[in-house]
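Following: one structure in structure tokens, then a few remarks.
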Amino acid sequence: MPLSVIIVPCLRDNYAYLIKCSQTGHTAVVDVPEADPVFNALKELNWDLDSILITHHHSDHIDGVDRLRSLTGAKVTGAKSDAHRLPKLDFSVAEEDIISVGNEKAQILDTPGHTIGHISYYFRNDNKIFTGDSLMSLGCGRLFEGSHKIMWKTLKMFLQLPPETMIFSGHEYSISNAKFALSVDPKNERLILREKEIQTLLKNELFTVPTSLELELETNPFLRASLPEFKANLNMKNNTDEEVFRELRIQKDNF
Ligand code: ZN
Ligand code: FE
């Protein structure tokens, strides 16, 4: 496994991810909700931080960036289109750009919907993607800036990735997402089982992330909006995929 990942819980329910190329020792962090937990984890691991990778501009993903930069000297990468509302960037990136963590390369994917200017970091060779608040475990981010159309397009892009891709999202939302998922997909056996697995993980103070795309395809209602049997459950057999997604997102916002 060439890329090691350490999960650092921050604030109430945020995650920062420390990642390290096992060949060169280069180290990065994806999002910095707060500096101290990330800095303490680095000290404990004896890792030197080279770069900070930002998914989007919300304060619960960037508030620790400036302090962590001054503590470590790490260089900061974020979306060029959001540079005006992100901490000062050393590298501004856009869709299709490639960034490196040592020998590991990540493709920048535009994943708007939760915010415009939201990006994800896709380590294709390693089957890992850091999705911030776009695709989440059993859910997707709330639409603060994007339309339903934009988020559905983003989710369709995720549907194209290899099923073995591991998804590292920005929050521990699995249990509330599972409760909503069960409300719209109550007979889904895999989902019923997964909700129990999540309960057990949380009871043992373990993380419910990362998750695989394969598992999301079977259980995440927002990725299932195009399936005929799923549409039929919602009495939306004749609606478009995007309309079904929209209905799900509205129901979730009011759940
Ligand atoms: Zn956010
Ligand atoms: Fe967030």
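The values are calculated or read from the model by the stated rules, or taken from the named source; none is laboratory data. All values reported here derive from a predicted model rather than from experimental measurement. Neighbour counts run over all protein chains shown; Cβ positions are idealised from the backbone, glycine included. The area values use the complete protein model at the heavy-atom level, side chains included, leaving out ligands, DNA and RNA. Shrake-Rupley method; radii C 1.70, N 1.55, O 1.52, S 1.80 Å.
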(message) Just checking: which of the strands (runs of 3 or more DSSP E) contained wholly in the range 36-119 hold 3 or more residues that are within 16 Å of ligand 2 (Cβ to nearest atom) and open to solvent by 10 Å² or more (accessible area, probe 1.4 Å)?
(response) none
(request) May I ask you to list the residues in the range 137-166 that are away from ligand 2 (no atom under 14 Å from the Cβ) and hydroxyl-bearing (Ser, Thr, Tyr)? (result) 147, 154, 165
(request) Name the single residue, out of those in the range 22-81 being farther than 16 Å from residue 11 by Cα and touching a Phe, Trp or Tyr at 6+ places or on another chain (Cβ under 6 Å), that is nearest to ligand 1 (Cβ to nearest atom). (result) 53
